[in-house]
Amino acid sequence: MLLKLENISKSFGGIKALNNINLSIKEGEIVAIIGPNGAGKTTLFNIINGIYKPDTGRIIYEDIDITNFPPYKRSYLGISRAFQIPKPFISMSVKDNVLVAALFSRRIPSIKEAEKETERVLKLVGLQNKSDMIANDLTSPEKKLLELARSLVTKPKLLLLDEIVAGMPPSDIDNIMSLVVQVANEEKISVVAMVEHIIRTVKYANRAIFLHQGQILLDSSPDDVLNSDLVRNIYLGEVEHA
């Protein structure tokens with residue numbers, strides 16, 4: 001098992017954002033976390049990558065207890081996150097943005113290897129012809145690809161996708177999600193994708209988890225979860241079926 005969350009709870013004041021969460025992620029698995037606004041999805045991601053510490057419970061990654069590890073130490077171990085709103089170094093080139101991430105990760109032994117990996121990942125996401133462009137000049141979909149490239153160049157074993165396709169047209173959504181599946185399969189990366197509004201992305205997962213009011217209510221195949229009366233009544237009436 002790559003990742004295990006054991007009895008994780010997190011409160012903010014009197015509000016319980018996560019309530020006794022138990023969750024396991026296998027190697028090479030693609031998991032979609034769905035749920036309405038306020039379900040606890042972002043808190044869950046922040047717990048996994050170390051932005052928040054849980055009030056109770058443990059996080060086990062590759063048999064190591066990382067509950068108290070800060071984000072950078074989790075990155076060194078192979079946990080990477082692509083955020084919903086890309087925040088590249090806007091005055092730097094596309095290539096240098098990715099190269100900085102490669103060097104920070106400490107999973108690449110030399111600058112020469114980091115440069116090679118940067119070129120490989122830029123080609124993988126289709127930005128090789130934009131490598132010398134200033135990041136701020138990219139289109140919105142290209143900035144999403146740059147965010148994905150910066151995550152992939154760290155050589156993750158676990159990739160957290162935080163609504164990475166939010167606000168994109170259907171064709172771009174399908175292109176990016178197909179790329180994620182391809183990379184996950186080829187490089188044996190586990191992917192956990194947060195889904196709030198764009199339900200079409202759930203079909204790319206092997207497994208779907210329905211989170212509501214800080215609790216996991218369902219954990220099954222995407223079809224089973226999306227066809228559940230519980231999910232339909234609580235969630236699907238609020239979201240976009242694009």
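The values are calculated or read from the model by the stated rules, or taken from the named source; none is laboratory data. Quick caveat, the model's predicted, so the values are computed rather than measured. Using ideal geometry, Cβ is built from the backbone for each residue, glycine included, and neighbour counts are taken over all protein chains shown.
Some observations on this one:
- In summary, Ile48 fulfils each of the numbered conditions (1) at pLDDT 95 or above; (2) loosely packed, with under 14 Cβ neighbours inside 10 Å; (3) not hydroxyl-bearing (Ser, Thr, Tyr) with the single exception of condition (2).
- Checking each residue in segment 194-230 for being among the hydroxyl-bearing types (Ser, Thr, Tyr) and either assigned to a strand (DSSP E or B) or within 18 Å of the chain's Cα centre (by Cα) (or both) picks out Thr201, Tyr204, Ser220.
- Residue selected from segment 80-98 under the condition of a type in the set (A, V, I, L, M) and at pLDDT below 95, by the criterion surrounded by the most Cβ atoms within 10 Å (Cβ to Cβ): Ala82
- Residue list for segment 25-68, restricted to those being within 18 Å of the chain's Cα centre (by Cα) and part of a strand (DSSP E or B): Ile25, Ile30, Val31, Ala32, Ile33, Ile34, Ile59, Ile60, Tyr61
- Looking only at residues of segment 23-80 that are touching a Gly at 6+ places or on another chain (Cβ under 6 Å) and touching a residue at least 40 places away in the same chain (Cβ under 8 Å), we find that the one that is farthest from Val153 (Cα to Cα) is Gly40.
- Selection status of Met133, touching a Ser or Thr at 6+ places or on another chain (Cβ under 7 Å) and more than 25 Å from Gly38 (Cβ to Cβ): yes
- Test set (1) closer than 30 Å to Ser93 by Cβ; (2) touching a helix residue (DSSP H, G or I) at 6+ places or on another chain (Cβ under 8 Å) - Glu147 fails condition number: (2)
- Some residue of segment 161-184 being part of a strand (DSSP E or B) and under 20 Å from the mean Cα position of the chain (by Cα): yes
- Segment 80-90, subset touching a helix residue (DSSP H, G or I) at 6+ places or on another chain (Cβ under 7 Å) and not basic (Lys, Arg), residue farthest from Ala149 (Cα to Cα): Ile90
- Among all positions in segment 211-219, there is no residue which is assigned by TED's automatic domain parsing to the domain that holds Ile48 and under 21 Å from Ala149 (Cα atoms).
- Odd one out for Ile189 among (1) within 27 Å of Arg120 (Cα to Cα); (2) at pLDDT below 90: (2)
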